[in-house]
Structure formats: structure tokens, C-alpha cells
Amino acid sequence: MRVLAFCNRKGGVGKTTSALNIAAGLQARGKKVLFIDMDPQRNSTQVYRAKIEDEYTIYDVMTDACEIADAIQHTETLGDIVPGDPQLDEVVYQIMQKTASERILRKKLKKIDNIYDYVIIDTHPDQSIYVINALTASDGCIIPINADKFSIDGLADEMKIIDDVKENANENLSVCGILMTMIDTRNNLDKSMLENMPLVAEQLNIPYFKTYVRKAQAAKDIQTSSMPVFIEHPSATVSFDYKNLVDEILEREP
Ligand SMILES: Nc1ncnc2c1ncn2[C@@H]1O[C@H](COP(=O)(O)OP(=O)(O)O)[C@@H](O)[C@H]1O
Ligand SMILES: [Mg+2]
């Protein structure tokens, strides 16, 4: 089982959209995939149309009220998910006071180790205990960014968190790559970011995905259709991008 987290403490960079489409893409290639929504805002949970009332959620997993297997919901269009929960926000300090608080998710995931090929974790844009848990439980992380200076400037800070987790909680964690999303190839700033990415990645000593995701209205529709973009809009540019990205991820995975 490979566990991949989508993280960037900057919001609105395409973490959720990418996590959703890549999870669906891996599933379309015959992989067994579990999605975990660690974001209390639960955008992914809404797209999966998973229920959180009277159901176990990631909140129950993190507070040890249940095991991961108890919190999995099977959905028709997107597959299996452990739903997110706004109550996570209320128990941050309670969770932080537990011993080995950064390893809660990792320990829980060990119990379903042989059921899934991939676990995809969507995270909140911050450095909370939940992001640390996601990274501690992961084999790899994918860092979506946009073509703007703030995104590039934020990469060094993002790497500090990842290096910190690597040093203190999960030495096996690796960066799968920086993923450029919402790219407008007609825009000069975007073009120059595509050109500069090899140098930026070399300076930070982290890999990047050769495939980038283009900006397209079709990418937004998943919010209402609950269908991966390559099914809802098979001929949209962004569908090809996500398909190529799944290929690139599978090529790199051991
Ligand atoms: N390739 C894309 N083209 C156009 N809009 C996109 C694309 N990817 C994401 N978006 C939109 O950008 C916004 C932020 O994306 P989201 O995936 O929610 O980011 P994050 O999870 O990092 O906050 C959403 O409205 C989403 O629909
Ligand atoms: Mg999100």
C-alpha cells in the first residue's frame, strides 16, 4: 500500500481537485484506492457526497472512537472515502496532548495495510497536527503550486515542514514532486514558471512533475458533478493532463 498526501500550506492551489482526479485516475487503472479527507473544510467529502451525520468520520478515527475500516464509506462514482469532519477543528489541542500525537493516522492505517493499493490524503492548508499526521503516515507527498511568486516563495517553507517530519517522525517520507496546476500557457508569467521550474526544483533539491495541469473551467465541474474530469469532460485539455499525471505517478512509484 502506498500512501500519498497532497499538501501545501497555501490554499486554493489545486490540492483537492488534484487529489480527487488522481485518486479516480488510479482507480480507473485498476488500483484499489482509499481517499482520506483530513481537511476539516471537507471539500472532498462533499464531492464524494459522503455523509458525516450519524457516521464515523476521520474525527472518530483521530480521537480513537473507531478504526479506519469502520469509517470507510463506499460511494458509487468516486469509490471509497474516510470523510472529513469540521469537528476536527475542536479537538486540535486534545489530540496534540496525546503521546505520539503525530503518529495516530499512521498507526490506524497499518491495520488496513493489505486492503488498498493507494491511500490518497487531502489536507488543509496549514501546518496543523492533521497535516503532520498525514505526512507521518505517507510514503510520498505531492505539492501542488500555481504560477505565482508567492507559490514559489512558499516552497522553501513547505520543505521545512516535510524535512522536520522526515527527521522526527517518518524517515521514509519522500517528495514525489512539485505539481504545477492551473497553468495558462498563453500567460507570460505561467510560461516563465514552466521554463524556470527545472532550476527552482534543482535549487530546492526536490523533484517536479513534467506533467502540469492546465487551467480549464472543466476542472471546476467536479464540485457539482461529483465525476472525475476525464469522465465528465473526456476531451478537455485538463482531462489529458490528469491522465498523463497518473501515468507519471505510476512510472515513478516502486
Ligand atoms: N486546472 C484548473 N483549472 C481551473 N480551475 C481550477 C483548476 N484546478 C482547481 N481549480 C479551481 O481552483 C479552486 C481551488 O482549487 P482546490 O483544488 O480547491 O485547491 P486547494 O484544495 O488547494 O484549496 C477551486 O475553485 C477549483 O475548482
Ligand atoms: Mg482543498
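Computed from the coordinates by the stated procedures, all read-outs in this text should not be read as laboratory data. Computed from a predicted structure; not experimentally measured. Here the Cβ is made from the backbone with ideal geometry for all residues, glycine too, and neighbour counts use every protein chain on show.
Where does each of ASP126, ASP139, ASP64, ASP241 land when they are ranked from fewest to most other beta-carbon atoms within 10 angstrom?
Lowest to highest Cβ neighbour count: ASP64, ASP126, ASP139, ASP241.
Can you tell me what share of the DSSP beta bridges in the chain is antiparallel? A percent to the nearest 5 is fine.
Counting DSSP beta bridges with both partners in the chain, the antiparallel share is about 10 percent.
Amide H to amide H under 5 Å from LEU34: which residues, 5+ apart in sequence or cross-chain, H placed 1.01 Å off N in plane?
Those lying under 5 Å, H to H, from LEU34 are TYR118, VAL119, ILE120.
Once phi is turned into ³J(HN,Hα) by the Karplus curve 6.51 cos²θ - 1.76 cosθ + 1.60 with θ = phi - 60°, what whole-Hz value does each residue of region 177-190 show in order, with x for glycine and proline?
Ordered by residue, 3J(HN,Hα) equals x, 7, 10, 7, 10, 6, 8, 9, 5, 8, 8, 5, 5, 5 Hz.
Fewest to most neighbouring Cβ within 10 Å: what's the order for THR237, THR224?
Exposure proxy ranking, most exposed first: THR224, THR237.
Which of the lysines could a cross-linker span from LYS108 if the Cα-Cα distance has to be under 30 Å and same-chain partners fewer than 8 positions apart are dropped?
LYS10, LYS15, LYS31, LYS32, LYS51, LYS98, LYS160, LYS166
Can you work out ³J(HN,Hα) from phi for every residue in region 75-88, in order, using Karplus 6.51 cos²θ - 1.76 cosθ + 1.60 and θ = phi - 60°, giving whole Hz and x for Gly and Pro?
Once θ is set to phi - 60°, the couplings for region 75-88 become 10, 5, 7, 10, x, 8, 9, 9, x, x, 7, x, 5, 4 Hz.
Could you derive backbone 3J(HN,Hα) for region 221-234 from the dihedral phi with the Karplus parameters 6.51, -1.76 and 1.60 (θ = phi - 60°), listing whole Hz in sequence and x where the residue is Gly or Pro?
For region 221-234, the Karplus curve yields 5, 4, 4, 9, 7, 6, 10, x, 4, 6, 9, 5, 9, x Hz.
Simple spin-label model, 7 Å along Cα-to-Cβ: ASP113 to ASP126 in nm?
Once both label points are built, they end up 3.2 nm from each other.
Multiply the residue separation of GLU248 and ALA69 by 0.36 nm, subtract the distance between their alpha-carbon atoms, and state the gained length in nm to one decimal.
Extending this stretch completely gives an extra 61.5 nm.
Given R₀ = 30 Å, what would the calculated FRET efficiency be for ILE231 paired with ASP163, taking r from the Cβ atoms and rounding to 0.05?
The formula returns an efficiency of 0.20 here.
How large is the Kirkwood hydrodynamic radius of region 2-252, counting all unique pairs of alpha carbons, in Å?
After inverting the pairwise mean of 1/r, the radius is 18.2 Å.
Would you mind calculating the gained length between ALA156 and GLN97 on full extension (0.36 nm times residue separation, minus the Cα-Cα distance), in nm to one decimal?
Residue separation times 0.36 nm, minus the Cα-Cα distance, leaves 18.4 nm.
Which distance in Å, rounded to a whole number, links the C-alpha centroids of region 132-197 and region 1-46?
If you average the Cα positions of each part, the centres end up 15 Å apart.
In what sequence do PHE240, PHE150, PHE230, PHE6 fall when counting other Cβ within 10 Å, fewest first?
PHE150, PHE240, PHE230, PHE6
Charges only on Cβ, +1 for Lys and Arg, -1 for Asp and Glu: so what's the dipole of region 1-144 about the Cα centre, in debye to the nearest 20?
With Lys and Arg at +1 and Asp and Glu at -1, about 640 debye.
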